[in-house]
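Below is one structure, written out as structure tokens, with a few remarks after it.
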Amino acid sequence: MLGGGTVNDEEYMGRALALAEKGRGRTSPNPMVGAVIVKDGRVIGQGWHAVYGGPHAERNALAACRESPAGSTMYVTLEPCCHYGKQPPCVEAILAAGVGRVVVGCTDPNPLVAGKGIEILRRQGVMVTENVLEKECRQLNEIFFHFVQSGLPFVTMKYAMTMDGKIAAYTGESQWITGEEARRHARLQRSRHAAIMVGVGTVLADDPRLTCRVPGERDPLRIICDTHLRTPLQAQVVVTAAQTPTLLATCCRDKSKISAYERCGCRVLPVEEKDGHVDLRQLMRRLGEENVDSVLLEGGGILNWSALESGVVKKVQIYIAPKLFGGKEAKTPVEGQGVASPAAAILLQNYSVRKLDEDLLIEGEVRPDVYGDR
């Protein structure tokens, strides 16, 4: 059975989506998945994928059942897996439990699954309904879908600015543009990405820690794009490298400079140079090979433009404060050369607007067709 489903199907799938969210920031590079088991109109078990390497949502839901799941309906946000990884296949557990019907939010793009899990269930007599709240289920795992299909990290470019488009006053002072609610929301984004990336200019100007600073949330890998290795050895990202993993992406090959950072606990990753800066495309390929599935870009205007120009940015998050800074020399969020005409603009799609106390959050996807040969 394709698509459709009932009102109850959507209600229970919505519950499974809410459960899946509980794993955000802890399942990478695996997807977030939630599962709800219903029998005779009652929820008898539910679960979610809580941590990378741990049991999947379907097995957690089955283990939580208060009565036999035989003949029940399972709602799961992503197609059940059918291969051995860190955990055994979920389709085996579903079949062994005697579940009679499985309602799937969306299919798994992983080539090891990609419809095979659904096919096995149907072949064994389980009724399967597909694509219930499909859009929401796909949106939940936009990072996973991009990573498993491309092998490259999902890059989110994030910045805070005033209503006249400034990320700092003309003096360079930038703390704080937005209010506390927006700043807390922004810090949470750090825990929801595998890595956070800034340029050396940000380190020199602000000496940031680049940690989440939200109780109970994890800190991401810290990546500094530092073409010539100018990051001070006294910078917070260096002196705390033993506690929070820190990677310096550089074009510098000076072994003595590199070893100084390595002695502090930093990892130095040499990459090629492009247009006078770190080749971001090559850096993303290297990160993808190391299972870094997502990067939160919190750079300044130069790094932001370089990332857009190289075609690595997939999503933009803009926090806008109801303030005006003015200043011809005040920094703006995207600098560099920019586009030659309005027709060459990098366009956003599927954007949304949300109010965070007095501030606004605008989120949008970068349209893939606008990058062209950049």
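The values are calculated or read from the model by the stated rules, or taken from the named source; none is laboratory data. The structure presented is a predicted model; accordingly, all values stated were derived computationally and were not measured. Glycine also receives a Cβ, built like all others from the backbone with ideal geometry; neighbour counts cover every protein chain displayed. Calculation scope for accessible area: heavy atoms of the full protein, side chains included, ligands and nucleic acids excluded. Shrake-Rupley method; radii C 1.70, N 1.55, O 1.52, S 1.80 Å.
Conditions (1) in contact with a Ser or Thr (Cβ under 9 Å, 6 or more places away or on another chain); (2) not aliphatic (A, V, I, L, M), marked per residue:
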residue	(1), (2)
Met13	yes, no
Gly23	no, yes
Pro31	yes, yes
Ile37	yes, no
Gln46	no, yes
Glu67	no, yes
Gly71	no, yes
Met74	no, no
Thr77	no, yes
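Quick check, is Gly125 open to solvent by 40 Å² or more (accessible area, probe 1.4 Å) and either among the acidic types (Asp, Glu) or at pLDDT 90 or above (or both)? Full working, then the answer.
Details: open to solvent by 40 Å² or more (accessible area, probe 1.4 Å): yes; either among the acidic types (Asp, Glu) or at pLDDT 90 or above (or both): yes.
Considered against the rule, which asks whether it is open to solvent by 40 Å² or more (accessible area, probe 1.4 Å) and either among the acidic types (Asp, Glu) or at pLDDT 90 or above (or both), Gly125 comes out as yes.
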Failed condition for Pro153, given (1) open to solvent by 30 Å² or more (accessible area, probe 1.4 Å); (2) within 30 Å of Ala205 (Cα to Cα); (3) under 11 Å from the mean Cα position of the chain (by Cα), with all others met?
(1)
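Could you check region 322-366 and list, in sequence order, the residues that are of a type in the set (A, V, I, L, M, F, W, C) and within 26 Å of the chain's Cα centre (by Cα)? If you could, list the steps in order and put the result at the bottom.
Step one: list which residues in region 322-366 are of a type in the set (A, V, I, L, M, F, W, C), which gives 324-325, 330, 334, 339-340, 343-348, 353, 356, 360-362, 366.
Across region 322-366, the qualifying residues are Val334, Ala345, Ile346, Leu347, Leu348, Val353, Leu356, Leu360, Leu361, Ile362, Val366.
Looking at the structure I just gave you, is Ile143 buried (at least 18 other Cβ atoms within 10 Å of the Cβ), over 30 Å from Lys39 (Cβ atoms), hydrophobic (A, V, I, L, M, F, W, C) and touching an Asp or Glu at 6+ places or on another chain (Cβ under 7 Å)? Please lay out each step first, then the result.
On the way: buried (at least 18 other Cβ atoms within 10 Å of the Cβ): yes; over 30 Å from Lys39 (Cβ atoms): yes; hydrophobic (A, V, I, L, M, F, W, C): yes; touching an Asp or Glu at 6+ places or on another chain (Cβ under 7 Å): yes.
Judged against the criteria, Ile143 is a match.
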In region 11-56, what residues are buried (at least 17 other Cβ atoms within 10 Å of the Cβ), β-branched (Val, Ile, Thr) and within 25 Å of the chain's Cα centre (by Cα)?
Thr27, Val33, Val36
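On the given criteria, is Arg59 open to solvent by 60 Å² or more (accessible area, probe 1.4 Å), touching a residue at least 40 places away in the same chain (Cβ under 8 Å) and out of contact with any Leu (no Cβ under 9 Å at 6 or more places or on another chain)?
no
Among the listed residues Asp164, Asp108, which satisfies the condition of being more than 24 Å from Pro368 (Cα to Cα), in contact with a Leu (Cβ under 9 Å, 6 or more places away or on another chain) and of a type in the set (Asp, Glu)?
Asp164
Can you say whether Thr211 is of a type in the set (S, T, N, Q), modelled with pLDDT under 95 and more than 26 Å from Thr27 (Cβ to Cβ), as far as the supplied structure shows?
Working: of a type in the set (S, T, N, Q): yes; modelled with pLDDT under 95: yes; more than 26 Å from Thr27 (Cβ to Cβ): no.
It is false that Thr211 is of a type in the set (S, T, N, Q), modelled with pLDDT under 95 and more than 26 Å from Thr27 (Cβ to Cβ).
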Residue list for region 27-48, filter: of a type in the set (Val, Ile, Thr) and touching a Cys at 6+ places or on another chain (Cβ under 8 Å)
Ile37, Ile44
Where in region 41-148 are the strands (runs of 3 or more DSSP E), entirely inside, with at least 2 residues that are under 30 Å from Val312 (Cβ atoms) and in contact with a Lys or Arg (Cβ under 9 Å, 6 or more places away or on another chain)?
101-106
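Residues Gly47, Gly98, Gly105, Gly71: which one is farther than 24 Å from Leu133 by Cβ and of a type outside the set (Val, Ile, Thr)? Steps first, please.
Working: Gly47 fails: farther than 24 Å from Leu133 by Cβ; Gly105 fails: farther than 24 Å from Leu133 by Cβ; Gly71 fails: farther than 24 Å from Leu133 by Cβ.
None of the other options fit; the residue is Gly98.
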The condition of being closer than 19 Å to Val128 by Cβ and of a type in the set (A, V, I, L, M) holds, among Leu62, Leu19, only for Leu62
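Results for (1) buried (at least 20 other Cβ atoms within 10 Å of the Cβ); (2) in a loop (DSSP other than H, G, I, E, B); (3) over 27 Å from the mean Cα position of the chain (by Cα), shown as yes or no for each residue.
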site: Cys212; (1), (2), (3): yes, yes, no
site: Arg218; (1), (2), (3): no, yes, no
site: Ile223; (1), (2), (3): yes, no, no
site: Leu233; (1), (2), (3): no, yes, yes
site: Ala241; (1), (2), (3): yes, yes, no
site: Leu248; (1), (2), (3): yes, no, no
site: Ala260; (1), (2), (3): no, no, yes
site: Leu269; (1), (2), (3): no, no, no
Answer yes or no: is there a residue in region 353-370 that is of a type in the set (Gly, Ala, Ser) and more than 30 Å from Asn110 (Cβ to Cβ).
no
